[in-house]
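This report concerns only the one structure given below.
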Amino acid sequence: MKILSVNAGSSSLKFTLIELPSEEVIASGVFEKIGMDGSFYTIKYNGEKIRKEKSLNDHSVAVSCLMEDLVELHVLNNLDEIEGVGHRILHGGQEFSESLILNEDIIKEISKYNELGPLHNPANLMGAMAFMKALPNVVQVGVFDTAFHSSMSEREFLYPVPYSWYEKYGVRKYGFHGTSHRYIDKTMREYLQKDDAKIISCHIGNGASVTAIDSGKVVDTSMGFTPLAGVMMGTRSGDIDPSIIPFVMNKTNMSCEEVINCLNKESGLLGVSCLSSDSRDIEDAMEQNNEKAILAQDIYTQRIANYVAMYNNLLNGADAIVFTAGVGENSSQVRKTVCEKIKSLGVELDLEKNNCRGEFRLISKDDSKIAVYILPTNEELMIALDTMELINKK
Ligand code: ADP
């Protein structure tokens, strides 16, 4: 069965065509600068990669190009081979706690939550509608980034603010990167052959979140009402005292929106280092003894370590700590420094095993009290698997 896994952003559209159950990636690619000057797209297939400059006015044009090219490039004999399309959707609010088959009414329902994810949700839904138009007879499935976290209890998801804010406006922790954390948990429980494994999943990419999972259920996660909360990230601050916001508004004459934008886009590694949001640049600058880069990395790794230690306590002792996503999979230095900062938990990293990138492997010593792993995430596969499952249930 061939399934398209789609992640539509406001000006981009990423896709992966996956054969199931073999999990083989048949083709993948990205449409960029949709609705802007200089739009183009790339498609990888059969060991080749093509790049085309093309005016892409909106997501529908991108989807039409993709459909034409998949047939023209002989990736598919015809479009009927696509049996389902799975769409990553950022926010499902409290209502959508599982993946589901989309139709126009459901899309309308989901769009109620656009105000909780204004940068991503409208684009995710626009992508879904473009595919519904292009492939009207194909099952379209929505997979929510928030869904896996719906198992959190009130103790974890409520903020200590007036209860009416939750009741009236839905102010609570939702959590994000759920599809990635679910993939990590599923893979680790299968690998460990332990259905009730307790996992601390560290998704450290440009965005980053740490999640505590017990027996397949999220107990707590570091992102919150929005993805701005939790650990320090590439450009996001993570947790700060909210009183900083009006204080900085007064000092700078920035609006509330501008300050929030600054916390989302100009903070984190970029903000502290005054250099870059990219972990590779920070590590290069550290080698040149750049003090701000050293400080940025120190805060960054400390905040991840703090969450891991807190979640180990919450889980009453984890079975495994797993690093994933761009930084987690690739930066041996971030993993090493985080593990040094959780030594009190009895974590012993094997420096030789840690010296690797992007492969699933155990990186702790045999006598480490908690096993530490690298596991490359695969949200696209998770989206495709959910889509297949819903098609099979139909
Ligand atoms: P996103 O949150 O955008 O999906 P990714 O998970 O792709 O992010 O992570 C991107 C980040 O991964 C980059 O900004 C960079 O900091 C980091 N990264 C990628 N490769 C390496 C590497 N070899 N060493 C250190 N960091 C890396």
Practice problem: Output yes when any residue across region 94-106 is within 21 Å of the chain's Cα centre (by Cα), over 21 Å from ASN137 (Cβ atoms) and touching a residue at least 60 places away in the same chain (Cβ under 8 Å), and no when none is. | Solution: yes
Self-check item: Top-ranked residue of region 259-285 - restricted to ones that are within 12 Å of the ligand (Cβ to nearest atom) and surrounded by 19 or more Cβ atoms within 10 Å (Cβ to Cβ), ranked as farthest from the chain's Cα centre (by Cα)
Solution: SER273
Quiz item: Residues that are farther than 28 Å from ARG357 by Cα and of a type outside the set (Asp, Glu): which helices (runs of 4 or more DSSP H) entirely in region 154-219 hold 3 or more of them?
Solution: 163-169
Exercise. Select from region 33-48 the residues that are surrounded by 18 or more Cβ atoms within 10 Å (Cβ to Cβ) and either within 22 Å of the chain's Cα centre (by Cα) or closer than 18 Å to HIS74 by Cα (or both) and list them in ascending order.
Key: ILE34, TYR41, ILE43, TYR45
Quiz item: Regarding ALA309, is this residue open to solvent by less than 10 Å² (accessible area, probe 1.4 Å) and more than 10 Å from the ligand (Cβ to nearest atom)?
Solution: no
Quiz prompt | Tabulated pairs, region 11-30, first under 17 Å from GLY84 (Cβ atoms), second of a type in the set (D, E, K, R) and assigned to a strand (DSSP E or B), C-beta under 6 angstrom, 6+ apart or interchain | solution = GLU19/LYS2; ILE26/GLU19; SER28/LYS44
Quiz item: Looking only at residues in region 175-224 that are out of contact with any Gly (no Cβ under 8 Å at 6 or more places or on another chain) and of a type in the set (Lys, Arg), which one is farthest from the ligand (Cβ to nearest atom)?
Solution: LYS194
Quiz item: How many of the residues in region 70-96 are charged (D, E, K, R) and either open to solvent by less than 10 Å² (accessible area, probe 1.4 Å) or assigned to a strand (DSSP E or B) (or both)?
Solution: 2
Practice problem: Just name the residue that is farthest from the chain's Cα centre (by Cα) out of those in region 318-344 that are open to solvent by 30 Å² or more (accessible area, probe 1.4 Å) and more than 16 Å from the ligand (Cβ to nearest atom). | Solution: SER344
Quiz item: What residue, among those in region 286-306 that are farther than 21 Å from CYS202 by Cα and within 15 Å of the ligand (Cβ to nearest atom), is nearest to the chain's Cα centre (by Cα)?
Solution: ALA293
Exercise. Could you give me the residue pairs with C-beta distances under 6 Å whose first residue belongs to region 303-317 and is outside any helix (DSSP H, G or I), whose second residue is at pLDDT 95 or above and surrounded by fewer than 17 Cβ atoms within 10 Å (Cβ to Cβ) wherever it lies, and which are 6+ apart or on separate chains?
Key: none
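The values are calculated or read from the model by the stated rules, or taken from the named source; none is laboratory data. Model, not experiment: these values are computed from the prediction. Don't worry about glycine lacking a Cβ; one is built from the backbone with ideal geometry, like all the others, and counts go over all protein chains shown. Calculation scope for accessible area: heavy atoms of the full protein, side chains included, ligands and nucleic acids excluded. Shrake-Rupley method; radii C 1.70, N 1.55, O 1.52, S 1.80 Å.
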